[in-house]
Every structure is written in C-alpha cells, then in structure tokens.
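Chemist: Sharing a structure with you now.
The values are calculated or read from the model by the stated rules, or taken from the named source; none is laboratory data. Owing to the predicted nature of the structure, the values given are computational and were not obtained by experimental measurement. Methodologically, a virtual Cβ is constructed for each residue, glycine included, from the backbone with ideal geometry; neighbour enumeration extends over all protein chains shown.
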Amino acid sequence: MESREPDRTSADPHPDLRSLGVQLRRLNGELNRLVHGFAAGEGLHPTDVQALAAILDSADPLTPSALRHRLGLTSGAVSACVDRLERAGHVNRVRESADRRVVHLHYVPGAQARARQYFGPLAGATDRVRSGYSDSELAVVLRFLGDLNEELAQT
C-alpha cells in the first residue's frame, strides 16, 4: 500500500530556511510591537522610530536626504518625520559651518536616555540570551545578520 504522507523533500526542500524565516518573522513582530509602543508613548509614528534608529546607528551624521534614501521615503515624508522628531525633542537639525545649506540630524542625548529606559527590557532579554552563546557562536550570528542586512539593502 502506498503511503499518504506528503513528500516533504519536494514540498519543502530547505526546512531550515523555512524555520529561519519563521523565527525572523517572529523577531520582526516582537520588535515591531516594541517600536509601536515606544512611538505611541512618545506621540510619534513608528516610521519616526525607524528614523531615530537610522540616525543613532549611522557612523556619520545623516542629512535628511540620506535619511530619505535609507528609509525609502519621499522628501515630504522625511520632512514631516524630522519635524515631529524635533518637536518631540528627539533630534536637532545642525547646519554645517562650511556649507550652511547642509543640515545634519543629531539625536539629542536626553532623548537617547528616554529610549534606553523604554527599551531596557529588550536590552536585558538580549543580554540574557546572548550569555548562553560562546563568542564564536555569537560571531557567526553577527556575521549572518550583517550579511543578511547587506543583501537586503541591495534589493
């Protein structure tokens, strides 16, 4: 008698890839939940929190134009976003002395403390989970996430 079990190898040739996708979606959902909570508490839009993260994570000060490209927004949407962030006390616009037309966005240190307090439980959870991995395991995880982020940035 022939088995009625589905052929998993042809239906799902990479079960590890599926499992990875599920875990990445779960992580994304949890991070979105936290971002939305912070945004609501600060009177911001979730996109504004993405802008804050981009400003904070950038090696160099961002211009509104660079922020627009990083987030994939229109210039009008970025202007509105930066206006909200400035009104809420999260960022400052700073004109460069060499070229007064160039504006850089800087995260206000006091606002960073508010975000750090809100996201403290996330930092604690990350540290608790991280402590269960060796340095070499964490290096692989970081390399994977970095490579994935670079690949996605190219799409």
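Chemist: Go through (1) out of contact with any helix residue (DSSP H, G or I) (no Cβ under 7 Å at 6 or more places or on another chain); (2) in a helix (DSSP H, G or I) one by one and return the number of the condition VAL78 breaks.
Modeler: Just one mismatch for VAL78, condition (1).
Chemist: Do any residues in the stretch 42-55 that are without any contact (Cβ under 8 Å) to a residue 60 or more places away in the chain have Cβ atoms under 6 Å from those of residues that are crowded, with 17+ Cβ neighbours inside 10 Å and outside any helix (DSSP H, G or I), where the two are at least six apart or on different chains, and which pairs are they?
Modeler: Listed pairs, sorted by first residue: ILE55/LEU62; ILE55/LEU105; ILE55/TYR107.
Chemist: Among the residues of the stretch 40-61 satisfying the criterion of being over 16 Å from GLY89 (Cα atoms) and of a type in the set (A, V, I, L, M), which is surrounded by the fewest Cβ atoms within 10 Å (Cβ to Cβ)?
Modeler: Step by step, filter the stretch 40-61, then rank; the result is ALA59.
Chemist: Also, I was wondering about something else. Hey, can you tell me all the residues within the stretch 75-127 that are surrounded by 12 or more Cβ atoms within 10 Å (Cβ to Cβ), of a type in the set (Ser, Thr, Tyr) and closer than 16 Å to THR63 by Cβ?
Modeler: Scanning the stretch 75-127 gives SER79, TYR107.
Chemist: Is it true that ARG128 is assigned by TED's automatic domain parsing to the domain that holds LEU152, part of a helix (DSSP H, G or I) and at pLDDT 95 or above?
Modeler: On the way: assigned by TED's automatic domain parsing to the domain that holds LEU152: yes; part of a helix (DSSP H, G or I): yes; at pLDDT 95 or above: yes.
Yes: the conditions hold for ARG128.
Chemist: Filter the stretch 132-155 for residues that are closer than 20 Å to LEU24 by Cα and either outside any helix (DSSP H, G or I) or among the polar types (S, T, N, Q) (or both) and give the result. I'd like the intermediate steps shown before the answer.
Modeler: Initial filter on the stretch 132-155 (closer than 20 Å to LEU24 by Cα): 132-133, 137-155.
Scanning the stretch 132-155 gives GLY132, TYR133, ASN149, GLN154, THR155.
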